[in-house]
Amino acid sequence: MTNYVADLLAEKYLQYNQTNFIPNDPISIPHLFTKKEDIEIMGFWASILAWGQRKTIINKCKELITLMDGSPHDFIMNHQDSDLKTFLSFKHRTFNATDTLYFIAWFREFYQKHESLEEAFLVGNHSTEESNIKNNLIGFHDFFFSLEDYPERTRKHIATPLRNSSCKRLNMFLRWMVRKDNHGVDFGIWENISSSTLICPCDVHVERVARKLGLIERPKPDWQMAVELTENLKLFDANDPVKYDFALFGLGVEGEM
């Protein structure tokens, strides 16, 4: 890797990892809250709905928050069945009411027994064979669909490395929850997953810029490409490689590259 790439990524990371990045990005949704459970719930939901125009994603997440009376965790834990009728018209692209109602049911079941959503990403963390969060993502997927009679259609919305997905949305969510820095964008509210094990989210902007910079060679955005990119980013910062997501995404979405 050239010094040019290292210097460029370092410069653009500092430029884009700033609070003025928040308002136009889906991460603005969990930033509406201070309660940990609300941050987790809406951070997760915002990441899963994060495809299409960012403005639309943000508006659909705000619609969900309104349907949950502005307090996601409180609504999930204390709603009555009759309160769910208003969700029957919720839709974002291929994510529909069936998916929405399962998310609510799963969250309720989970938070009745656990304090933090982080615990759901630790159930697969039992192997030393992987140096990244592959097993955590596999374990989470299986855990998420552990309720009886889960809708088969909802599985397409929760990625897993076992389907060779790049797991872009889940990796973005984990970045939000795990990364700790002093820039005020990522939350860093989880304690048991290390930033060094995270995988860089690979959206179209990140992939395009990374390819131009020679950070990836694999032809399509799959799990192995995400790992390849992250391993190359570790050459610049082994402890926090996904911080360069800011640089790659910013260079792409702002049209600088």
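The values are calculated or read from the model by the stated rules, or taken from the named source; none is laboratory data. Note that this is a predicted model, so its numbers are computed, not measured. Every residue, glycine as well, gets a Cβ built from its backbone with ideal geometry; the counts of neighbours run over all protein chains shown. These accessible areas exclude ligands, DNA and RNA; they are computed on the full protein's heavy atoms, side chains included. Shrake-Rupley method; radii C 1.70, N 1.55, O 1.52, S 1.80 Å.
Observations on the model:
- In summary, segment 152-257 shows an alpha-carbon radius of gyration equal to 1.05 times the 2.2 N^0.38 Å reference for compact globular proteins.
- Segment K113-D7, extension gain: residue separation times 0.36 nm, minus the distance between their alpha carbons: 33.5 nm
- Candidates M225, M77, M172, ranked by Gaussian network fluctuation over the chain, Cα under 10 Å, top entry: M77
- When the Gaussian network model of the chain links Cα atoms closer than 10 Å, the mean-square fluctuations of T197, T56, T230 top out at T56.
- If you run the Gaussian network model on the chain, springs between alpha carbon atoms under 10 Å, then out of D240, D149, D99 the most flexible one is D149.
- Helix-only [θ]222 nm of the chain, DSSP H runs n ≥ 4, -39500 (n - 2.57) each, per residue, nearest 500: -13500 deg cm²/dmol
- Point-charge dipole on Cβ atoms (K/R +1, D/E -1) for segment 1-151, about Cα centre, debye to 20: 660
- Separation of the alpha carbons by more than 26 angstrom is noted, of K12/K234; K55/K113; K55/K91; K36/K113, for K55/K113.
- Residues in the chain average 45 Å² of solvent-accessible surface per residue, probe 1.4 Å, ligands and nucleic acids excluded.
- Charge-dipole axis of the chain as Lys and Arg at +1 and Asp and Glu at -1 on Cβ define it, positive-most pick from P23, L198, V242: P23
- Per residue, the convex hull spanned by the alpha carbons of the chain comes to 125 Å³.
- Within the accessible area of the chain (1.4 Å probe), percent carbon and sulfur: 47
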